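Quick notes on the structure that follows.
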Amino acid sequence: MEGHRSRSPNSSYHNRHSAYKRERDDNGKNHCENKRFRPNSRQHQYRPGSPPGQTQLSSRTLSTRRELYERDFPLYKQPVEIGCFSLDSERRFFNDSRQLRYYVEPDRNPNFDLRDGYKERFKKRDDGVKEKLDHILRWIVANKSKLNSRTASACALDADFVTWRGHLTKLLTTPYETKEGWLLAVTRFRGTLYMSEVETETSRRERENRTDRHEEMMYWGYKFEQYTCADTVHSVPDPGGVVNTNEAFCTVVQTRLADHKLLFSGEVDCRDKDPNAPAPPGCYVELKTSAEICTPKQRSNFHRFKLLKWWAQSFLPGVPRVVAGFRDHEGVVVSMETFQISKISHLIKNEYNCWKPTVCMNFCCDFLSFVKRVVTEDSKSVVYLFSWEPRRDVTYSVYRDSQYSFLPDWFVEEMSSQDSHQS
């Protein structure tokens, strides 16, 4: 994967991957406009000479109303993979691709039994252990000389935000989410904004009170991967092996959303084994399972809810396709379907009151602008905690030396040591 990292991140993503309109408007204005920030009533003052709709930067909340984000698709640069890392069966970090697997296309009606091995061949990761950004931070430390060579300042990252892909996915889907809220902790350190999710009380209760059926259905997705992935390009899947959810392969990509430089990482299920496949991330494949669709109502719900999350998750890092196994109630995969990410917007366009990619991306863009305006103090010990619940505005609070601090001392010391090396 190292050989593909010199590709320019400045090629326009929409030219190659989508028909979405992402240009700035005719006036050249940034689409992340201030008018989405809803100020606290006691701080609602317009700056002298500000354009109508622009408020002071003391705005305390951000609206999630969909109609506010129905404007041109923002500029989104084609994501470029700048590295990768692996986590082994004990969750140990390796700065390489040893956990990368290869997709092996099954029959269209494969009859995979996703229940197989659940009781006797399953090692489940402890999802009560919150890893925060630690694995991404280890990758940054292991590759900081390469990252620093990209910048004018040898002691800064060439990124406005560092985060997980999953956190950005939650932002993209927020305008359409009706059930689950979120908490995102943000710390500004050496000019870069690090964003890490905090588990909500609702999520914690749900995690601790999952039913046996829910736990088993979570296993089904991993088992599907075992049926369709091989360890090497010339081998075949081994569905008789142990499913260990500690293991992971993660891509690290750079891109830009409007004027926000992003560096984020996300887990990748597998890659196309064709030697002529595009360079990463264009060769990656996302694997999903879903209940089989038997009625028009089920098809509509699939388009309106599940495809939104599938699209957001793969669009962000530039993964071009999702391969889905549709299962019956007993967990047997009865059919397969491939979804090209660039065609999903066309697939949903006739659905009534359906989600819109432009709303998703514009909200994410405006949220990142909101964070930049709010998070002003550059300190590892200061956390700005952004909170959102469905049908509410995004709010935030500030904490110093609290339980929300998430940048580990080893990372702070390693990154700060560059100063002494420079002097």
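Below is a table of values for the structure above.
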| quantity | calculated |
| --- | --- |
| Where segment 206-339 is the region considered: accessible area per residue in Å², 1.4 Å probe | 40 Å² |
| Sequence-distant residues sharing a close amide H with Y396 (under 5 Å, placed H) | S387 |
| Linear extension gain, Y399 paired with E337, 0.36 nm per residue minus alpha-carbon span | 17.7 nm |
| Charge dipole (segment 357-419, unit charges on Cβ, about Cα centre) - positive-most of Y396, F411, T358 | T358 |
| Cα-projected label distance for F122 with T232, points at 7 Å along beta-carbon direction, nm | 3.0 nm |
| DSSP-defined beta bridges in segment 226-367 - what % are antiparallel, rounded to 5 | 70 percent |
| For segment 379-400 and segment 293-356, distance of Cα centres in Å | 32 Å |
| Extension gain from R207 to T295, taking 0.36 nm per residue of separation minus the Cα-Cα distance | 28.6 nm |
| Share of carbon and sulfur in the accessible heavy-atom surface of segment 318-411 [1.4 Å probe, %] | 46 percent |
| Candidates per chymotrypsin sites (Phe, Trp or Tyr not before Pro) in segment 300-391, loop by DSSP, up to 12 other Cβ within 10 Å | Y352 |
| GluC sites (Glu not before Pro) restricted to DSSP loop in segment 309-356 with at most 15 other C-beta within 10 Å | E330, E351 |
| Shape of segment 163-236, Cα gyration tensor, a/c cut at 1.5 | oblate |
| Hull-based mean projected area of segment 239-352, where the convex hull spans the alpha carbons, in square nanometres | 9.7 nm² |
| Unit charges on C-beta of K, R, D, E only; dipole of segment 245-354, Debye | 440 debye |
| Reduced Cα scattering model of segment 167-306, Debye log10 I(q)/I(0), q = 0.15, 0.16 Å⁻¹ | -1.19, -1.31 |
| Added length on full extension, which subtracts the Cα-Cα distance from 0.36 nm per residue, A279 to D134 | 49.5 nm |
| Global form of segment 64-196, assessed from the alpha-carbon gyration tensor, a/c cut-off 1.5 | oblate |
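The values are calculated or read from the model by the stated rules, or taken from the named source; none is laboratory data. Predicted, not measured: the structure shown is a model, and the values here were computed from it. Cβ atoms come from the backbone with ideal geometry, glycine included; neighbour counts cover every protein chain shown. For accessibility, only protein heavy atoms count, side chains too; no ligands or nucleic acids. Shrake-Rupley method; radii C 1.70, N 1.55, O 1.52, S 1.80 Å.
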